[in-house]
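S.K.: Sharing a structure, written as structure tokens. Questions coming.
No lab work stands behind these numbers, since they all come straight from the coordinates. The shown structure was predicted, so the numbers you read here are calculated from the model rather than taken from an experiment. Here the Cβ is made from the backbone with ideal geometry for all residues, glycine too, and neighbour counts use every protein chain on show.
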Amino acid sequence: GAARPNSDMAEFREVFSKAKHIAIITGAGVSAESGLPTFRAASGHWRRWKTQDLATAQEFSRNPSRVWEFYHYWRELALKATPSEAHRAIAECEARLSKQGRSMVVITQNTDELHRRAGSKHVLEVHGNLFKTRCLSCGDVDDNHHSPICAALQGKGDPDPKCSDADIPVRDLPRCDEGGCDGLLRPDVIWFGETLDSHVLTKVEKELDACDLCLLVGTASVVFPAALFAPQVASRGVPVAEFNIRPRASTSRYKYHFQGPCASTLPIALA
Ligand code: BJW
Ligand code: ZN
């Protein structure tokens, strides 16, 4: 029969102490306690729109100013945020394990760089990065931490539903500075309908095949293909431990479930 649901921390810690290759899959919940709104909570709106309606290439081509306002808002929030106890527990654990010849990889759906800022070294960002831009003309991908990213976005991006669009002319939105290219830049994130980077996915597959313990932290697990990562590990018989504020789903095939804010549960689990 199926393994019984389990929230026995002592038993999990026993399994954890023997694991050699740990994969941690994270989502927006891990950054919630850094003050970044999650995508599918009531707060997961920006002005009158849901993320699903803004994070698409169609919306960017229709209204690049609105989409840039949205990403400018996110970039500024993420820049001001500090890593939470959850990010820190993960980073400290990786450092500790590496001294013991054990490994940890963070496979994150988040684009906010908070894992890296907490000190995690081995991070795979499957949905891209808010602090990278990609040129629509020449394809150049660049790191970009400017605040604001361009003068026209200064003071824009207010999420209040009563706030109206800034309607910034496209020539004043972020532009490419590669040898006179001047093409329109977009955030180097993965939008709905776009495929994930195949090089990143290949690395993820390798890690999912190699891990002997998997943690699934703060994700609703509704966005594909990332929603399949943990089930893929569980189907090999490898223990998966879910950390989420919501209760365990009755259909879940994961071995452990720890309900509560991950900034409280992870530091205990990974101590
Ligand atoms: C806490 C906590 C605390 C809170 N402690 N826990 C129909 C069926 C199947 C698939 C599709 C379909 N229609 C379309 C698709 C494909 C689509 C998809 O999956 N759609 C679903 C919505 C159905 N996927 C794609 O398009 C992907 N590409 C793809 O599939 O390519 C092939 C293809 C091409 C063309 C057509 C079809 C297929 C790409 C997906 C890209 C997702 N991008 C985003 C935006 C990134 C940029 C940005 O940052 O703005 O990524 S969307 C958004 O969702 C973001 C997130 O990474 C992602 C996941 O969200 P996450 O992390 O799970 O957050 P939440 O808010 O949903 O959940 C938070 C969780 O934390 C909750 O569970 C809380 O309870 C918990 N929590 N506080 C612990 N303190
Ligand atoms: Zn360019």
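S.K.: In which sequence would ILE149, ILE25 go, from the one with the fewest C-beta neighbours within 10 Å to the one with the most?
M.R.: Working: ILE149 22, ILE25 30.
Neighbour counts put them in this order, fewest first: ILE149, ILE25.
S.K.: Find the centroid of the Cα atoms in the range 219-264 and in the range 72-147, then give the distance between the two in whole Å.
M.R.: Result: 21 Å between the Cα centres.
S.K.: Counting other C-beta atoms within 10 Å, which of VAL141, VAL67, VAL223 has the fewest, and how do the rest follow? Write out the running numbers ahead of the final one.
M.R.: Values: VAL141 13, VAL67 22, VAL223 17.
In order of increasing Cβ crowding within 10 Å: VAL141, VAL223, VAL67.
S.K.: Excluding ARG134 itself, what net charge comes from residues whose Cβ is under 13 Å from its Cβ, given Lys and Arg +1 and Asp and Glu -1?
M.R.: Charge balance near ARG134 sits at -4.
S.K.: Could you list THR82, THR195, THR108, THR219 so that the one with the fewest beta carbons within 10 Å of its beta carbon is first and the one with the most is last? If you can, show how the numbers build up before the last one.
M.R.: Working: THR82 11, THR195 8, THR108 31, THR219 26.
So the residues, fewest neighbours to most, are THR195, THR82, THR219, THR108.
S.K.: Still on this structure: Give me the lysines in straight-line cross-link reach of LYS99: C-alpha distance below 25 Å, same-chain residues under 8 apart excluded.
M.R.: LYS18, LYS20, LYS121, LYS203, LYS206
S.K.: Compute the Rg to Rh ratio over the range 53-158 from the alpha carbon atoms, using the Kirkwood formula for Rh, and round to two decimal places. Mind dumping the intermediate values first?
M.R.: Numbers: Rg = 16.3 Å, Rh = 15.5 Å.
Expressed as Rg/Rh, it is 1.05.
S.K.: Under 10 Å, Cα contacts only: if you run a Gaussian network model on the chain, which one of HIS257, HIS145, HIS21 comes out with the highest mean-square fluctuation?
M.R.: Most flexible of the set in this elastic network: HIS145.
S.K.: Using all C-alpha to C-alpha distances in the chain, build P(r) with 5 Å bins and read off the rounded percent in each one.
M.R.: Per 5 Å bin, starting at 0, the Cα pair percentages come out as 1, 5, 12, 17, 18, 15, 12, 8, 6, 4, 2, 0, 0.
S.K.: Something else now. With θ set to phi - 60°, apply the Karplus curve 6.51 cos²θ - 1.76 cosθ + 1.60 along the range 111-120 and write out the HN-Hα couplings as whole Hz, x wherever there is a Gly or Pro.
M.R.: Listing the rounded values in order: 10, 8, 6, 5, 4, 4, 5, 6, x, 5 Hz.
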